[in-house]
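The values are calculated or read from the model by the stated rules, or taken from the named source; none is laboratory data. No experiment lies behind these values; they were computed from the predicted model shown. Here the Cβ is made from the backbone with ideal geometry for all residues, glycine too, and neighbour counts use every protein chain on show.
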């Protein structure tokens with residue numbers, strides 16, 4: 001039986017490790033970067049070729065690949081448990097890097113700023129989660145807090161919890177944000193009721209509700225942008 005070729009046994013021009021050392025990581029394709037992680041391919045494919053096939057099945061999207069599970073990846077010939085775990089660990093590290101707070105507090109100016117902050121947290125979630133973003137007088141981030149899981153209809157969002165967090169952190173304004181795993185960005189009646197409840201309760205505490213964002217994978221709905229605040 002023919003042995004698998006490791007990266008060290010490839011032709012020099014096909015070695016992504018050497019290319020990365022010489023040209024930097026930005027010069028490598030996603031398939032080449034993933035090939036470095038798995039180290040070897042199958043009898044039919046090099047590691048790069050194998051990862052090209054895998055990415056092709058996920059529409060060449062790292063986001064879609066990151067939502068795969070170990071069993072899904074092990075269906076590919078040449079990918080066993082160890083390689084599948086390595087690929088998903090790398091995906092999780094990339095996600096966590098995006099989630100890291102910058103050392104200097106970020107200022108929120110637009111709904112797009114809010115979306116870019118919450119998208120890494122919500123893009124892969126199979127259920128709804130509701131979060132709040134707490135801001136100071138300069139609209140800079142104080143904190144972000146998860147308020148509920150499981151859906152706005154099935155898991156009642158407690159407005160008192162939202163106000164408690166805002167008061168404890170001395171927030172001047174806040175933003176609501178939750179995801180729609182279905183991909184539908186249109187607000188539901190429950191979304192509308194929650195928006196109004198939080199807006200009215202916050203106003204009594206002299207805290208302004210700036211926006212309520214509904215996040216999906218690749219898009220969002222902003223109550224503020226739609227003139228509904």
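The table for this structure:
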quantity: Meets criteria (within 30 Å of residue 218 (Cα to Cα) and either in a loop (DSSP other than H, G, I, E, B) or modelled with pLDDT of 90 or more (or both)) for residue 31; calculated: yes
quantity: Residue count for region 182-216, restricted to those that are touching a helix residue (DSSP H, G or I) at 6+ places or on another chain (Cβ under 7 Å) and under 17 Å from residue 113 (Cα atoms); calculated: 6
quantity: Qualifying residue in region 100-107 (condition: under 30 Å from residue 160 (Cα atoms), surrounded by 13 or more Cβ atoms within 10 Å (Cβ to Cβ) and not assigned by TED's automatic domain parsing to the domain that holds residue 161); calculated: yes
quantity: Wholly enclosed strands (runs of 3 or more DSSP E) of region 113-229 bearing at least 1 residues within 27 Å of residue 63 (Cβ to Cβ) and without any contact (Cβ under 8 Å) to a residue 40 or more places away in the chain; calculated: 141-149, 208-216, 219-222
